[in-house]
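Asker: I'd like to ask some things about the structure below.
The values are calculated or read from the model by the stated rules, or taken from the named source; none is laboratory data. This is a predicted model, so every value here is computed, not measured. Virtual Cβ from ideal backbone geometry, glycine too; neighbours counted across all protein chains shown.
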Amino acid sequence: MKYADEFRDRAKAEALLIEINRVVGAIAPEKPLAIMEVCGGHTHSIFRYGIEGMLPKAIELVHGPGCPVCVLPMGRIDDCLLVAERPEVIFTTFGDAMRVPGSRGSLLQARGRGADVRMVYSPMDALALARKNPDREVVFFGLGFETTMPSTALTVLQAEREGLKNFSVFCNHITIVPTIKAILDSPGLHIDGFLGPGHVAMVTGIEPYRFIAEHYRRPLVVAGFEPLDILQSLWMVLKQIAEGRCEVENQYDRIVPDGGNTPALQAVAEVYELREFFEWRGLGSIDHSGVRFREGYAGFDAERKFAVPNLRIADPKSCQCGEVLKGAIKPRQCKVFGSMCTPENPLGALMVSSEGACAAYFQYGGGQPTESIAPAKAPTVAS
């Protein structure tokens, strides 16, 4: 595929690996360097292409919390079920969230019990349903980091312009920066550098991550998702460590503008405000890590419209999603991984999502990449 094969070239990958080994040799760390890839999309690419197995033993990849479906606590899923099971409601959601377990099952199971739960590909799909069903209340399950916040905000602004009263959002949008800070403040957990989330930075730009370099003295490189992106970003992080630098760099500059997406940020600022705190599955409450609708858009807030109780329900004791999300353990170290917790019967959300670390380990757990980095192409001879 044009514009993708260029980022999967074997010869360039081998050259980057030589450089990575050279820089690691210059650092000569006493213990493996822990590099956290924040985004679950990076985790799946790492396993899909077998990148972890290519790296020297002196590098340990740590899987971070950048999977928004994975961090939904059980109580928020139970709140979803209470709304979805109302007879007047059409509850709409992205596919990943359909199977996330709450204490009373998942949205998919609620649909099996008769709730009108429908999968959509965007909040605008939900808005179209509201237009077609003026006698029903259409609720969109808004979730995701800054990547998906703008699309929900723009949909709410469109609903306001049209005067639609039967559309609302159960808002579970979350922010990545307080989460990284919570990880850096975790006692006993040491991260030497970060691969920053490319999709989030596409909206936010790179400025929000400056505190990681300036306050915590850790390098961060915003990374793309192809194999050469990840290898180059790792090399850039290691080069900073070798040179004693701590900076925020942008490897994914073909997609990520340093200043972010101004229209998207304006829509987010207009519609949302920060919550005082938000609960994360396995991580507990993190200050200012979620958003809610401003008072001017309260009519589109499903939490207010349906008096959502904001249930607090503890994860099963056997589930170690929190430790995996913080990078304290690897998925295979969880006591129920692959036995009581599988993609067909998930106990924790990390086994459900397409970006979940446990799902990546389960899918690619044989240690062999499912796709190879492409062989170098011979030069074309002009006729």
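Asker: Could you please give the count of residues in segment 240-270 that are β-branched (Val, Ile, Thr), more than 21 Å from the chain's Cα centre (by Cα) and outside the structural domain of Ile230 (by TED's automatic domain parsing)? Don't jump to the end; show me each part of the working.
Answerer: Pass one, segment 240-270, residues β-branched (Val, Ile, Thr): 241, 248, 255-256, 262, 268.
Applying the additional criterion that residues be more than 21 Å from the chain's Cα centre (by Cα) yields 241, 262.
Adding the requirement that they be outside the structural domain of Ile230 (by TED's automatic domain parsing) leaves 262.
Qualifying residue count, segment 240-270: 1.
Asker: Separate question: Within segment 330-347, identify whether any single residue is in a helix (DSSP H, G or I), modelled with pLDDT under 75 and not aliphatic (A, V, I, L, M), and answer yes or no.
Answerer: Here is the first cut: in segment 330-347, the ones in a helix (DSSP H, G or I) are 331-333.
From what's left, modelled with pLDDT under 75: none.
No, the conditions are met nowhere in segment 330-347.
Asker: Could you run through segment 128-145 and say how many residues are assigned to a strand (DSSP E or B) and hydrophobic (A, V, I, L, M, F, W, C)? Break it down stepwise before answering.
Answerer: Our first condition is that a residue be assigned to a strand (DSSP E or B); within segment 128-145, this holds for 137-144.
After this cut, where a residue has to be hydrophobic (A, V, I, L, M, F, W, C) as well, the list is 138-141, 143.
So the answer is 5.
Asker: Residues Lys335, Lys317, Lys330: which one is touching a His at 6+ places or on another chain (Cβ under 9 Å) and of a type in the set (Lys, Arg)?
Answerer: One residue alone meets the criteria, Lys330.
Asker: Output the number of residues of segment 155-195 satisfying the condition of being within 29 Å of Asp229 (Cβ to Cβ), among the charged types (D, E, K, R) and part of a loop (DSSP other than H, G, I, E, B).
Answerer: Residues of segment 155-195 within 29 Å of Asp229 (Cβ to Cβ): 172-186, 189-195.
From the residues that got through so far, the ones that are among the charged types (D, E, K, R) too are 181, 185, 192.
From what's left, part of a loop (DSSP other than H, G, I, E, B): 185, 192.
Total meeting the criteria: 2.
Asker: Also: Only one of (1) more than 22 Å from Ala34 (Cα to Cα); (2) at pLDDT 95 or above; (3) touching a Ser or Thr at 6+ places or on another chain (Cβ under 8 Å); (4) crowded, with 21+ Cβ neighbours inside 10 Å fails for Ala159. Which number is that?
Answerer: Exception for Ala159: condition (3).
Asker: Further question: Tell me, please, whether a residue that is of a type outside the set (D, E, K, R), at positive phi and within 27 Å of the chain's Cα centre (by Cα) can be found in segment 20-27.
Answerer: no
Asker: Any residue that is among the basic types (Lys, Arg), surrounded by fewer than 20 Cβ atoms within 10 Å (Cβ to Cβ), out of contact with any strand residue (DSSP E or B) (no Cβ under 6 Å at 6 or more places or on another chain) and within 17 Å of Arg76 (Cβ to Cβ) - is there at least one of those in segment 314-325? Lay out the reasoning, then the answer.
Answerer: Our first condition is that a residue be among the basic types (Lys, Arg); within segment 314-325, this holds for 317.
When the remaining residues are screened for being surrounded by fewer than 20 Cβ atoms within 10 Å (Cβ to Cβ), the result is 317.
Now restrict to residues that are out of contact with any strand residue (DSSP E or B) (no Cβ under 6 Å at 6 or more places or on another chain): 317.
Filter once more, so that each one left must be within 17 Å of Arg76 (Cβ to Cβ): none.
Looking for residues that are among the basic types (Lys, Arg), surrounded by fewer than 20 Cβ atoms within 10 Å (Cβ to Cβ), out of contact with any strand residue (DSSP E or B) (no Cβ under 6 Å at 6 or more places or on another chain) and within 17 Å of Arg76 (Cβ to Cβ), one finds none in segment 314-325, hence no.
Asker: Considering only residues that are surrounded by fewer than 23 Cβ atoms within 10 Å (Cβ to Cβ) and in contact with a helix residue (DSSP H, G or I) (Cβ under 7 Å, 6 or more places away or on another chain), look in segment 166-182 and name the one that is farthest from Val138 (Cα to Cα).
Answerer: Val177
Asker: Would you be able to tell me the number of residues in segment 283-315 that are free of Cβ contacts under 8 Å to residues at least 60 places away in the same chain and either among the charged types (D, E, K, R) or outside any loop (DSSP other than H, G, I, E, B) (or both)?
Answerer: Step one: of segment 283-315, the residues free of Cβ contacts under 8 Å to residues at least 60 places away in the same chain are 284-285, 294-296, 298, 304, 307.
Now restrict to residues that are either among the charged types (D, E, K, R) or outside any loop (DSSP other than H, G, I, E, B) (or both): 284-285, 294-296, 298, 304.
Residues that pass the stated criteria total 7.
Asker: Which of the residues that make up segment 227-247 are acidic (Asp, Glu) and in a helix (DSSP H, G or I)? Write out each step before concluding.
Answerer: First, the residues of segment 227-247 that are acidic (Asp, Glu): 229, 243, 247.
Those that are acidic (Asp, Glu) and in a helix (DSSP H, G or I): Asp229, Glu243.
Asker: When you go through (1) touching a residue at least 60 places away in the same chain (Cβ under 8 Å); (2) in contact with a strand residue (DSSP E or B) (Cβ under 6 Å, 6 or more places away or on another chain); (3) within 18 Å of Glu273 (Cα to Cα) one by one for Ala159, which number turns out not to apply?
Answerer: (3)
Asker: Can you tell me which residue in segment 192-228 is surrounded by the most Cβ atoms within 10 Å (Cβ to Cβ), limited to those that are within 13 Å of Asp253 (Cα to Cα) and either among the small types (Gly, Ala, Ser) or touching a His at 6+ places or on another chain (Cβ under 9 Å) (or both)?
Answerer: By that ranking, first place goes to Gly196.
Asker: I'd like the full set of residues that are of a type in the set (A, V, I, L, M, F, W, C) and more than 17 Å from Gly327 (Cβ to Cβ), limited to segment 52-83. Give the derivation first.
Answerer: First pass over segment 52-83, keeping only residues of a type in the set (A, V, I, L, M, F, W, C): 54-55, 58-59, 61-62, 67, 69-72, 74, 77, 80-83.
Within segment 52-83, Met54, Ala58, Val69, Leu72, Met74, Ile77, Cys80, Leu81, Leu82, Val83 meet the criteria.
Asker: Which one of Val83, Val138, Val89 is closer than 18 Å to Thr155 by Cα and either modelled with pLDDT of 95 or more or hydroxyl-bearing (Ser, Thr, Tyr) (or both)? I'd like the intermediate steps shown before the answer.
Answerer: On the way: Val83 fails: closer than 18 Å to Thr155 by Cα; Val89 fails: closer than 18 Å to Thr155 by Cα.
Of Val83, Val138, Val89, the one residue that is closer than 18 Å to Thr155 by Cα and either modelled with pLDDT of 95 or more or hydroxyl-bearing (Ser, Thr, Tyr) (or both) is Val138.
Asker: Which of the numbered conditions does Ser318 fail, given that it passes all the others? Conditions: (1) modelled with pLDDT of 75 or more; (2) within 26 Å of Ser45 (Cβ to Cβ); (3) part of a loop (DSSP other than H, G, I, E, B).
Answerer: (2)
Asker: Taking segment 287-322, which residues are within 23 Å of Pro346 (Cβ to Cβ) and touching a helix residue (DSSP H, G or I) at 6+ places or on another chain (Cβ under 8 Å)?
Answerer: Listed by number, the residues that qualify are Leu311, Arg312, Ile313, Ala314, Asp315, Gln320, Cys321.
Asker: Cβ-Cβ below 9 Å, separation at least six or inter-chain, first residue in segment 101-112 and touching a residue at least 12 places away in the same chain (Cβ under 8 Å) and on the phi > 0 side of the Ramachandran plot, second surrounded by 20 or more Cβ atoms within 10 Å (Cβ to Cβ) and part of a helix (DSSP H, G or I): which pairs?
Answerer: Listed pairs, sorted by first residue: Gly105/Ile77; Gly105/Leu81.
Asker: Let me ask you something else. Of the residues that sit in segment 229-247 and are of a type in the set (Gly, Ala, Ser) and at negative phi, which one is surrounded by the fewest Cβ atoms within 10 Å (Cβ to Cβ)?
Answerer: Looking only at segment 229-247, we keep the residues that are of a type in the set (Gly, Ala, Ser), and these are 233, 242, 244.
Those still in the list that are at negative phi too: 233, 242.
Values: Ser233: 28, Ala242: 15.
The selected residue is Ala242.
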